[in-house]
């Protein structure tokens, strides 16, 4: 049963991190990746608020590029979500104001918003729920609550919160100060003085946040309000008006509201938490073996210790390693001492400047209708594995320079070719001659998998003339 | 013009090294791999003896498993070779005696044999030829010549030779002693006292080696003589008789002959040389960049030095590495400090005991008719890229559990299906239903490349009934 003020989880899933390269890349960032356990961080975040007696169905805010991941990964775990799209990134201030405005429309004036980052790791689910209940109690009493994590060490990777004054409802205390990431000595002092880690997760009455923001950032609220009011539905997504939203100044909610409002309160959260800001965070979160090694994926070690291994495919073998991180994907391997994890971002910058494809793109490319993956390429041919989700339809298209052979290996394809529509079933194939106007769709209930063999003198992705597209792409 | 006594290069290409894993594996060892420059070590060895005014066409001795590599890689560089097959490995004693006996048959009683390992790196081609001429002069004067390399450091990785007595023809000096791999202090003394590295390369009159071997190892010579006399031709290879050859005791030529004969002489060779016994050897052979890094393949580095990188595909990225080796192939990555290169063999032993496929097999599997490579695998399907060399013919076969789709992407296929023979050309495809008796062949002049999509409930390599095979396989 929902409490009188429903708690609306808002999952912020628009970030694009490169600190976990080569697994996290611009084209599919860390919140949508499996980094611990068997679900993505985004899925784990949704799971944490799946108790419908406590939480309303989640509202997800993400970037347009990630809209289909947000929907598909929620569907994979049987979770219904509303997905709102930020047309441009404007930091957490405008995002949370938009979330508050949308939540009010969906769940009424009095609803509470629980704003969660989609790319954090939280352990100890009961402690998380305790913190949510405490946060909701404080919010219901008129506070904008930020969750402060009980520090376990003098970390220099996080900002801190200094609580002040007496505990109120939910045990929330007023925020005396927000402080930036400290140096080690300062961090040790903060730890001794009872400061908390600033987790960047919040709970507040939707209306209160908007009111307070209007006080300090009237232009921001004005822009976001317009973007939400003129938002339109597109394929089931709530799309904020691009022009209006772009007019909002880019500012974090801390700078925009929390540092100025008198309603700021902090609830101390005792769950184990990480913002997964680097490979080291994952190393530290995991339980190592007797030698202190953490391995995710196929790994074989000789005489190695205190090291971190993550493989999405290749066998990783190490000899005589001490405090080394090895991250392997199908097309890229990263090796570094564990204490250099903060330099991954700089490396990716270098890779981008050298135009390495692996800097930003994954081998598997996601599309609204499913995904494709290049599996073999040679002179004059290119082989892809294509997956079309149930109901997915590729655009009606033709190519100037290539013919295509399709072999269906799972499910049923509905193929349109020069006006004729026919089905191609498992273990059947068809041929699309050069210039043929064609479309591929999955009319079935299970994903359609097919192998596409392209042949031709030019095989670039840009040899495509889209004549019609279900997903409104150019 | 050949000298009065032709010099017959014998290339020993039967070894199976794991010290250069993951590039070198049992299924395709290091002599057949590109490790420096653009040719394999075997091809580089053949190139060194390509001057037909000095050398006869080479005779290659290799293991049966590698026969098609030996022929194909020679053909790739336009080199005609005779390939003799050792049915079982019996170390270098029986191999060199067999080589001497075959060389006499092919080139006459008086021929000289120049026995070269296929997996060594030699720099300074003119110095190599100088050494060959000196070795041939000494051999022609009745010596069994071993090449001793002028040491460049007190290496503990090599055995040493102590020269004694006065130089004779070709500057060869009698061998005073062969000594095993020393410790560092002993190596330093050897260096000071003028010892030479024992390279395991030889030059001798074919008849003299057999005579001397008969004196110390009569049973060995008897067995090998019978294996050569009852050798038969199989698909153009000289196949030593398996039973007879297996009866020869396994012993190195050093133990069998060189340590006993009065004819042992050493020619000092001044070329730069390595037996490529570890990744370190390749690191040391290459010229590093300003930071001392050596990179083969796609590599991106930040703040790294004195390190070695070899990639056969994936992008290798390193941050803050010092004296680390990273070796990446499509399916396995090895990371270790450079000074642990000698432990690769132990690692591969561990991988074998844990039954990792990558311990012994490459992604690309070689067959007499060409090669295939698994490029994608899923539930109920398996996609391969198949290359059939000109003239290659797969066996006439059928499968109980799978159907196959073939799409030709290069060249022309001759397909036999249930008695019917037809051609499938570039950008055409055909379907082989479950149970169909079929054969694939390349009737053309260029390699045939095709994509095979298998579908079925069981897709193991062992679902094959061979009804007829051009390569006499079971």
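Filter the range B:407-432 down to the residues that are closer than 20 Å to residue A:408 by Cα and either free of Cβ contacts under 8 Å to residues at least 12 places away in the same chain or more than 10 Å from chain A (Cβ to nearest Cβ) (or both) and list them by number. Listed by number, the list holds a single entry, B:432.
Quick check: is even one residue across the range B:363-377 more than 10 Å from chain A (Cβ to nearest Cβ), within 22 Å of the chain's Cα centre (by Cα) and on the phi > 0 side of the Ramachandran plot? Yes; the residues of the range B:363-377 include at least one that is more than 10 Å from chain A (Cβ to nearest Cβ), within 22 Å of the chain's Cα centre (by Cα) and on the phi > 0 side of the Ramachandran plot.
Exactly one residue out of B:224, B:267 is buried (at least 24 other Cβ atoms within 10 Å of the Cβ), within 20 Å of residue B:117 (Cβ to Cβ) and over 23 Å from the mean Cα position of the chain (by Cα), and it is B:267. Residue check: residue A:141 meets all listed conditions (1) crowded, with 20+ Cβ neighbours inside 10 Å; (2) over 23 Å from residue A:286 (Cα atoms) but one, namely (1).
The strands (runs of 3 or more DSSP E) falling completely within the range A:1-90 that include 2 or more residues that are more than 13 Å from the chain's Cα centre (by Cα) map to A:7-12, A:82-86. Of note, residue A:449 satisfies the criterion of being part of a strand (DSSP E or B) and touching a strand residue (DSSP E or B) at 6+ places or on another chain (Cβ under 8 Å).
Evaluated against (1) facing chain B (nearest Cβ under 7 Å); (2) surrounded by fewer than 18 Cβ atoms within 10 Å (Cβ to Cβ); (3) modelled with pLDDT under 95, residue A:313 falls short on exactly one condition, (1).
Residue-wise test of (1) surrounded by 15 or more Cβ atoms within 10 Å (Cβ to Cβ); (2) at pLDDT 95 or above; (3) under 30 Å from residue B:19 (Cα atoms).
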{"position": "B:125", "(1), (2), (3)": "no, no, yes"}
{"position": "B:146", "(1), (2), (3)": "yes, yes, yes"}
{"position": "B:149", "(1), (2), (3)": "yes, yes, yes"}
{"position": "B:174", "(1), (2), (3)": "yes, yes, no"}
{"position": "B:187", "(1), (2), (3)": "yes, yes, yes"}
{"position": "B:193", "(1), (2), (3)": "no, yes, no"}
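Taken over the range B:96-123, the criterion of being assigned to a helix (DSSP H, G or I) and either in contact with a helix residue (DSSP H, G or I) (Cβ under 9 Å, 6 or more places away or on another chain) or surrounded by 21 or more Cβ atoms within 10 Å (Cβ to Cβ) (or both) is satisfied by B:96, B:97, B:98, B:99, B:100, B:101, B:102, B:103, B:104, B:105, B:107.
Scanning the range B:446-455 for residues that are within 8 Å of another protein chain (Cβ to nearest Cβ) and under 22 Å from residue A:408 (Cβ atoms) turns up B:451, B:453, B:455. Looking across B:359, B:332, one residue alone is farther than 24 Å from residue B:298 by Cβ, buried (at least 18 other Cβ atoms within 10 Å of the Cβ), under 22 Å from the mean Cα position of the chain (by Cα) and facing another protein chain (nearest Cβ under 10 Å). It is B:359. A count restricted to the range A:317-336 and to residues that are over 30 Å from residue A:158 (Cα atoms) and assigned to a loop (DSSP other than H, G, I, E, B) stands at 3.
You will find that of A:343, A:339, the residue that is within 10 Å of chain B (Cβ to nearest Cβ) and either in a strand (DSSP E or B) or more than 30 Å from residue B:350 (Cβ to Cβ) (or both) is A:343 and no other. Of the set (1) surrounded by fewer than 24 Cβ atoms within 10 Å (Cβ to Cβ); (2) closer than 30 Å to residue A:260 by Cβ; (3) at pLDDT below 95, all apply to residue A:71 but (2).
The values are calculated or read from the model by the stated rules, or taken from the named source; none is laboratory data. None of these values were measured; they are calculated from a predicted model. Because the Cβ atoms are built from the backbone with ideal geometry, glycine has one as well, and the counts that use them run over all protein chains shown.
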